[in-house]
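Peer 1: Following this message is one structure expressed as structure tokens.
The values are calculated or read from the model by the stated rules, or taken from the named source; none is laboratory data. Since the structure is predicted, the reported quantities are computational estimates derived from the model, not experimental observations. Positions of Cβ are backbone-derived with ideal geometry, glycine not excepted, and every protein chain shown enters the neighbour counts. Heads up: the accessible areas ignore ligands, DNA and RNA and are worked out on the full protein's heavy atoms, side chains in. Shrake-Rupley method; radii C 1.70, N 1.55, O 1.52, S 1.80 Å.
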Amino acid sequence: RTLINPLAFRLPLGDPNRLLARLDGLGRLLFRPAAFWLWLVAVGLAALAAAGAWRELLAFGTTHLHSPAYLGLLWLIFPAVKAAHELGHGLAVRRWGGDIHEAGIALLVLMPAPYVDASAASGFLGRSQRALVSAAGIMVELAIAAFGLLLWSQLDSATLRDIGFALFLIGSLSTLLFNGNPLLRFDGYHILCDALDLPNLASRSAATWHYLLRRHLLQLPAEPPQTGRGERKWLLAYAPLSLVYRLLITVSIVFWLSGLWLFAAVLAAVYFVLAMIALP
């Protein structure tokens with residue numbers, strides 16, 4: 001898998017389970033109802049503050065995001081935020097008796113980011129436990145975004161305000177567009193599957209559309225996929241919505257790369273056409 005996508009691959013670096021075991025006490029402290037309500041209040045207040053200061057945030061971003069120095073700052077802060085995200089996954093897996101035996105560095109569209117293999121959570125019997133493992137990283141990033149907004153809005157230091165805005169931008173925007181979006185097969189997707197009891201939603205939705213196209217468009221014999229009660233609407237909706245969203249993200253990535261290096265953008269466009277359209 002690490003060789004399939006040149007814009008998203010993983011490099012395993014070791015087994016972090018012993019290190020995470022030393023943090024089990026922190027995991028027990030964080031995954032309590034009181035900690036959740038405290039997080040909810042903090043993030044809720046930050047969301048209200050961001051809505052009230054939306055014009056100022058937009059103006060600040062418009063001014064600074066074209067600066068190479070600020071893009072460099074984002075590039076440095078991004079791995080730290082994602083490391084906290086992955087630590088959230090690791091603590092959650094350990095909290096409910098799982099182990100983490102792989103950690104490393106992923107390169108996502110030229111951005112380095114740590115990762116942990118939290119697949120042990122798939123063995124948890126409780127859907128709520130599996131959903132919380134998936135949600136842990138998102139919750140950590142939203143808490144970081146709330147802290148970043150506090151720095152940006154309350155401090156006078158230009159450097160600290162820049163750092164605060166970077167934390168806010170990465171912890172909120174990247175989470176909502178990627179990790180928290182169920183239309184991509186990241187954390188939000190697994191939360192949706194476990195919360196609504198829709199296992200393997202993406203592959204089953206694709207199989208449903210494959211059957212419909214063969215049976216009704218090509219007039220070829222095909223076996224209808226089995227569906228549970230209330231699943232059909234989700235199976236019909238997910239694949240096309242996910243495809244449209246992935247195409248939008250893909251076009252955005254290609255245009256972003258074109259501003260950095262045209263040759264890389266052309267290679268990425270060719271790869272995406274092959275991987276998303278031609279080969280399927």
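Peer 1: Using a Gaussian network model of the chain with C-alpha springs under 10 Å, which one of Val270, Val43, Val254 is most mobile by mean-square fluctuation?
Peer 2: Its mean-square fluctuation being the largest, the pick is Val270.
Peer 1: Subtracting the Cα-Cα distance from 0.36 nm times the residue separation, let me have the gained length for Ala21 to Arg214 in nm, one decimal.
Peer 2: So the extension gain works out to 64.4 nm.
Peer 1: With springs connecting C-alpha atoms under 10 Å apart, model the chain as a Gaussian network and identify which of Asn179, Asn200, Asn17 has the largest mean-square fluctuation.
Peer 2: Looking only at Asn179, Asn200, Asn17, the biggest GNM fluctuation is shown by Asn200.
Peer 1: Same structure, new question: Assign unit charges at the C-beta atoms only (+1 for Lys and Arg, -1 for Asp and Glu), then state the dipole size of the chain relative to its Cα centre in Debye, rounded to the nearest 20.
Peer 2: Numbers: 21 positive and 15 negative charges, 130 e Å.
Here the chain has a charge dipole of around 620 debye.
Peer 1: Here is a further query. How large is the accessible surface per residue of the chain, computed with a 1.4 Å probe and reported in Å² as a whole number? Write out the running numbers ahead of the final one.
Peer 2: Working: 16720 Å² over 280 residues.
With all protein chains present, the chain gives 60 Å² per residue.
Peer 1: Moving to a separate point now. Report the one residue of Gln219, Ala121, Phe31 whose Cα lies farthest in the direction of the positive end of the charge dipole of the chain (charges on C-beta: Lys and Arg +1, Asp and Glu -1; origin at the Cα centre).
Peer 2: With unit charges placed on the Cβ atoms, the residue in question is Gln219.
Peer 1: Please list the helices of the chain that count as membrane-span-like by this rule: a mean Kyte-Doolittle hydropathy of at least 0.0 together with Cα atoms stretching 27 Å or more along the helix axis, each helix being a complete DSSP H run. Walk me through the intermediate numbers first.
Peer 2: Details: long enough: 33-52 (29 Å, 1.83); 68-95 (41 Å, 0.65); 127-154 (40 Å, 1.01); 232-260 (43 Å, 1.24).
Helices passing the filter in the chain: 33-52, 68-95, 127-154, 232-260.
Peer 1: Still on this structure, I have one more. Percent of accessible area on the chain owned by carbon and sulfur, 1.4 Å probe? Working shown, then result.
Peer 2: Numbers: 11610 of 16720 Å².
Its accessible area is 69 percent carbon and sulfur atoms.
Peer 1: State, to one decimal in nm², a quarter of the convex hull surface area for the C-alpha atoms of the stretch 160-262, i.e. the direction-averaged projected area. Kindly include the intermediate steps, with their values, before the conclusion.
Peer 2: Values: hull surface 38.0 nm².
If I average the Cα hull's projected area over directions, I get 9.5 nm².
Peer 1: Considering Cα pairs under 8 angstrom that are at least six residues apart, work out the relative contact order of the stretch 164-236 and quote it in whole percent.
Peer 2: Values: 49 pairs, mean separation 14.4, N = 73.
Answer for the stretch 164-236 is 20 percent.
Peer 1: Can you give the translational diffusion coefficient of the stretch 1-103 in µm²/s, computed by Stokes-Einstein from the Kirkwood radius over Cα pairs at 10 °C and 1.306 mPa s?
Peer 2: Numbers: Rh = 17.1 Å.
Rounded to a whole number, D works out at 93 µm²/s.
Peer 1: So what is the relative contact order for the chain, in percent, with contacts set as C-alpha pairs under 8 Å and at least six apart?
Peer 2: Numbers: 328 pairs, mean separation 42.3, N = 280.
For the chain, the relative contact order is 15 percent.
Peer 1: Counting only the backbone N, which residues of the stretch 133-150 are under 18 Å from the spot 7 Å out from the Cα of Ala80 toward its beta-carbon?
Peer 2: 140-150
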